[in-house]
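Bear in mind that the values in this text are calculations on the coordinates, not laboratory data. This one's a predicted model, so the numbers in the text were calculated from it and none came from an experiment. All Cβ positions, glycine included, derive from the backbone under ideal geometry; neighbour counts span all protein chains shown.
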Amino acid sequence: MVLCIFGQHVLDENTKPEHILHDAFGGRKKTRRVICSGCNNIFGGGIDKVLTGQFEVIRNLFQMKSGSGGAAPMLRKVKAGSQAINVHGDGDLELVTKPFTIAKYPDGRFDLRVTASALEDMQRHIPNIAASLGISEEQVREQLAQGKASMVEWRPPAVGFGMTLGGPDALRSAAKACLVLWALKVGNEEIRGAPYAGIRNYILNDDPIYNRTQTSLNTRVFEDAEKMKEHYGPLFNLIYVRSDDAGRVIGHLTIYNLLGLQVVLAESGGTPNQGTGLVSNPLNPGDWSDKAADMFDLPFEWLAQPEYNTTAAKERFCEMQKVYEAIFRPKEIGRLSDSVFGKYGLGQHEVIPEAIREQALGELIDRVARYLVGIPYEVSVTKEELLDALETKRKDEK
């Protein structure tokens, strides 16, 4: 009979699986052998939510899916210059604005302005516009067909986000992840014993003294970090637990190769001279291993001397920014290329006909330059394009 490490609940095939590395960070490995469903639910809606919430901006920025395949979180109503935008988890930007505005005049005339992410999206606003004006939907289409339209591509200015990392609840969540992984190594009975009473109480109930004396943030870089980046990407996640000769046990959680959260799991009395680790690539959650302790070395001496340095923390953030630029700038340039050449009926890797080469390349250079310096790119919508968009719904209905 196997009991939950935090209480007397029996664990069986009906126990809710516990993610060892948090699902939000891309964790795939789960277990029913350590924590009961009740504790799982409490932690998931409490300390785990605090820790993962601290990194939502990074998850959104890199479009990181969860271990179970869920999209990165959306950032809502982000202030970008004079505009507000929603940043979806797949990188799409949505302008937060009214879909249409109407200015009515005493003589019965009106000005109508419609804002949509694409021409075809105007269709879904037509019923509400008609109701607001007190006219038929067909009359709205006729009015829109007589108007002017343009498509504007706009790269928002840089947005600053304040991030608060660490704190008691986040460190309790990190400690829980380390303790679960260690339990799979040494067994629940050991974790339920006296050497681990302090960490169990800290995870369950918080303990200001334990938090102050036995936990820390760590910005030091361990020797095998470069090797780990080669195998699991520049933003790797790592859970690593090691014990010394006396059975002192220390757990370490590195998130996105940005920040280490560290906690003493037992001062003495644990299984001596053992190590276990789990490493993953959050940019590709399927790429992970629970054999990290066999592949990479974090010496106990390194774990026993954590250090938090604001300069080092800043440098780690700067390195993350470089990773972002290296991944997403080429993708954005590629998107612009596909947009320009697609207009001319050209696919990827096709040779540009000489007759349109200068025009197409000139347009691409203009689009890229505007993107890089943040100048809007605007192109007028032709009458034919506008009419076709307004007719789309009726064509579909036929």
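Give, in nm to one decimal, the length gained when the segment between E94 and Q146 is fully stretched (0.36 nm per residue of separation minus the Cα-Cα distance). If you can, show how the numbers build up before the last one.
On the way: separation 52, 0.36 × 52 = 18.72 nm, distance 2.67 nm.
Between E94 and Q146, full extension yields 16.1 nm more.
Quick one: which of 147-153, 246-252 comes out on top by average Cβ neighbours within 10 Å, and what's the full order, highest first? Numbers along the way, then the final one.
Working: 147-153: 11.9, 246-252: 22.4.
Descending mean neighbour count gives 246-252, 147-153.
Axis of helix 383-397 versus longest Cα principal axis of the chain: the two differ by about 70°, to the nearest ten degrees. For I5, neighbours were defined as the other residues whose beta-carbon sits under 13 Å from its Cβ, and their charges (Lys and Arg +1, Asp and Glu -1) total +3. Straight-line reach from K229: taking Cα to Cα under 22 Å and skipping same-chain neighbours fewer than 8 places apart, the lysines in range are K29, K65, K291, K314, K322, K331.
What base-10 log of the normalised intensity I(q)/I(0) is obtained for segment 312-397 from the Debye formula, alpha carbons as equal point scatterers, at q = 0.10, 0.11, 0.21, 0.26 Å⁻¹? Relative scattering, expressed as log10 I(q)/I(0), comes to -0.44, -0.51, -1.07, -1.21. For L361 and K314, what is the calculated FRET efficiency with R₀ set at 45 Å and r taken between the beta-carbons, to the nearest 0.05? With R0 = 45 Å, the Cβ-Cβ based efficiency is 0.65. A simple packing score, the average count of other Cβ atoms within 10 Å per residue, orders the peptides 77-87, 51-61 as 51-61, 77-87, with the highest score first. Helix 168-186 axis versus longest C-alpha principal axis of the chain: approximately 60°, rounded to the nearest ten.
Simple spin-label estimate for N201 and K322 gives 4.6 nm between the two label positions (7 Å along the Cα-to-Cβ direction from each Cα). By the count of neighbouring beta-carbon atoms within 10 Å, fewest first, H125, H349 end up ordered H349, H125. Relative to the 2.2 N^0.38 Å rule of thumb, segment 1-77 has a C-alpha radius of gyration ratio of 1.24. Annotation: lysines with alpha-carbon distance below 23 angstrom to K148 (same-chain offsets under eight excluded): K98, K104, K343, K383, K393, K395. Helix 310-343 and the longest principal axis of the Cα set of the chain meet at an angle near 30°. Rg and Dmax, both from the Cα atoms of segment 165-308 and both in Å, are 14.1, 40.
Considering helices alone, the calculated mean residue ellipticity of the chain at 222 nm is -12500 deg cm²/dmol, with DSSP H runs of length four and up weighted by -39500 (n - 2.57) and normalised per residue.
Each residue, Q139 and K16, gets one label point 7 Å from its Cα in the Cβ direction; the gap between the two is 5.5 nm.
When you count, for each residue, the other Cβ atoms within 10 Å and take the mean per peptide, how do 88-97, 27-36 rank with the highest first?
Numbers: 88-97: 14.0, 27-36: 20.2.
Ranked from most to least packed, the peptides come out as 27-36, 88-97.
Figure the gain on full extension for I42 and L3 (residue separation times 0.36 nm, minus the Cα-Cα span) and round it to one decimal in nm.
On the way: separation 39, 0.36 × 39 = 14.04 nm, distance 1.71 nm.
The span from I42 to L3 would gain 12.3 nm if fully extended.
The share of C-alpha pairs in segment 223-341 whose separation exceeds 23 Å stands at 41 percent. For the pair A103 and R335, a Förster radius of 45 Å applied to the C-beta separation gives a FRET efficiency near 0.80, rounded to the nearest 0.05.
A Förster radius of 30 Å, combined with the Cβ-Cβ distance separating R212 from K49, puts the computed FRET efficiency at roughly 0.85. The share of alpha-carbon pairs in the chain lying farther apart than 39 Å comes to 38%.
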